[in-house]
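Colleague: Handing you a structure now.
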Amino acid sequence: MAKFKKREKHTYEQQRVENDAVHQTGHNQSLYAYLAVFAFAFLLYSNTLNHDVALDDDVITKANRYVQQGLEGIPSIFSKGFYHGFNNVNEGSYRPLVLLNMAIEKEYWDNDPHVGHIFNVLFYALSCILVLAFLKALFKGQGSYNGYNITICCPSNSYRGSCKCKES
């Protein structure tokens with residue numbers, strides 16, 4: 001009897017080690033998938049890093065008094081509409097995170113458009129990671145990442161990001 005119990009224990013230990021190895025391999029594959037998607041998304045939009053601002057960006061950067069106040073303008077950014085700092089009209093559009101980002105960039109980098117483009121590309125790559133994590137949870141990790149990578153390349157956003165911009 002003792003040999004049988006000992007053998008069961010050995011089999012259990014061996015199975016646990018094998019399961020741990022499989023889990024570790026799966027974890028590494030997931031990490032590589034996330035890194036690959038991040039790198040692919042970053043490289044896809046990295047052509048915008050050397051661009052200037054677009055024609056309508058002054059409305060929310062240089063011509064927006066709350067953004068130009070830097071960190072001091074944050075309370076007004078969260079209590080007013082999107083264009084209120086530009087035209088004093090509270091038209092109902094409320095997007096404080098965009099203006100918060102611009103105010104932080106103004107405070108620390110003085111409206112440098114290249115810094116803004118770096119943040120935008122990083123935010124895009126991070127959002128791709130979040131979508132990938134959601135899809136993996138939804139589909140339990142089954143399937144290929146090819147469809148997801150094609151979605152990253154969707155031209156609906158790439159035109160705006162890579163359009164010709166005005167000179168400062």
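The values are calculated or read from the model by the stated rules, or taken from the named source; none is laboratory data. What you see is a predicted model; the values in this text were computed from it and never measured. Here the Cβ is made from the backbone with ideal geometry for all residues, glycine too, and neighbour counts use every protein chain on show.
Colleague: For Phe78, indicate whether it is modelled with pLDDT of 85 or more and part of a helix (DSSP H, G or I). Can you show your working first?
Modeller: Working: modelled with pLDDT of 85 or more: yes; part of a helix (DSSP H, G or I): yes.
Yes; evaluated as a whole, the condition is true for this residue.
Colleague: For region 74-107, how many residues meet the condition of being within 21 Å of His117 (Cα to Cα), surrounded by 14 or more Cβ atoms within 10 Å (Cβ to Cβ) and among the basic types (Lys, Arg)?
Modeller: So the answer is 1.
Colleague: Looking only at region 52-73, decide whether some residue is part of a helix (DSSP H, G or I), loosely packed, with under 14 Cβ neighbours inside 10 Å and without any contact (Cβ under 8 Å) to a residue 12 or more places away in the chain.
Modeller: Let us first name the residues in region 52-73 that are part of a helix (DSSP H, G or I), namely 57-59, 65-68, 70-73.
Now drop any that are not loosely packed, with under 14 Cβ neighbours inside 10 Å, which leaves 65, 71-72.
Those left that are additionally without any contact (Cβ under 8 Å) to a residue 12 or more places away in the chain: 72.
Within region 52-73, one or more residues are part of a helix (DSSP H, G or I), loosely packed, with under 14 Cβ neighbours inside 10 Å and without any contact (Cβ under 8 Å) to a residue 12 or more places away in the chain.
Colleague: Looking at Phe119, is it of a type outside the set (Asp, Glu), at pLDDT 90 or above, outside any helix (DSSP H, G or I) and surrounded by 14 or more Cβ atoms within 10 Å (Cβ to Cβ)? Quick ask: steps written out before the conclusion?
Modeller: Numbers: of a type outside the set (Asp, Glu): yes; at pLDDT 90 or above: yes; outside any helix (DSSP H, G or I): no; surrounded by 14 or more Cβ atoms within 10 Å (Cβ to Cβ): yes.
The answer is no for Phe119.
Colleague: Now, a different point. I'm told Tyr34 meets every condition in (1) surrounded by 14 or more Cβ atoms within 10 Å (Cβ to Cβ); (2) among the aromatic types (Phe, Trp, Tyr); (3) modelled with pLDDT of 90 or more; (4) outside any loop (DSSP other than H, G, I, E, B) except one. Can you identify the failing condition by its number?
Modeller: (3)
Colleague: Have a look at Gly147, Gly92 and point out the one that is small (Gly, Ala, Ser) and at pLDDT below 75.
Modeller: Details: Gly92 fails: at pLDDT below 75.
Only one candidate passes the filter, namely Gly147.
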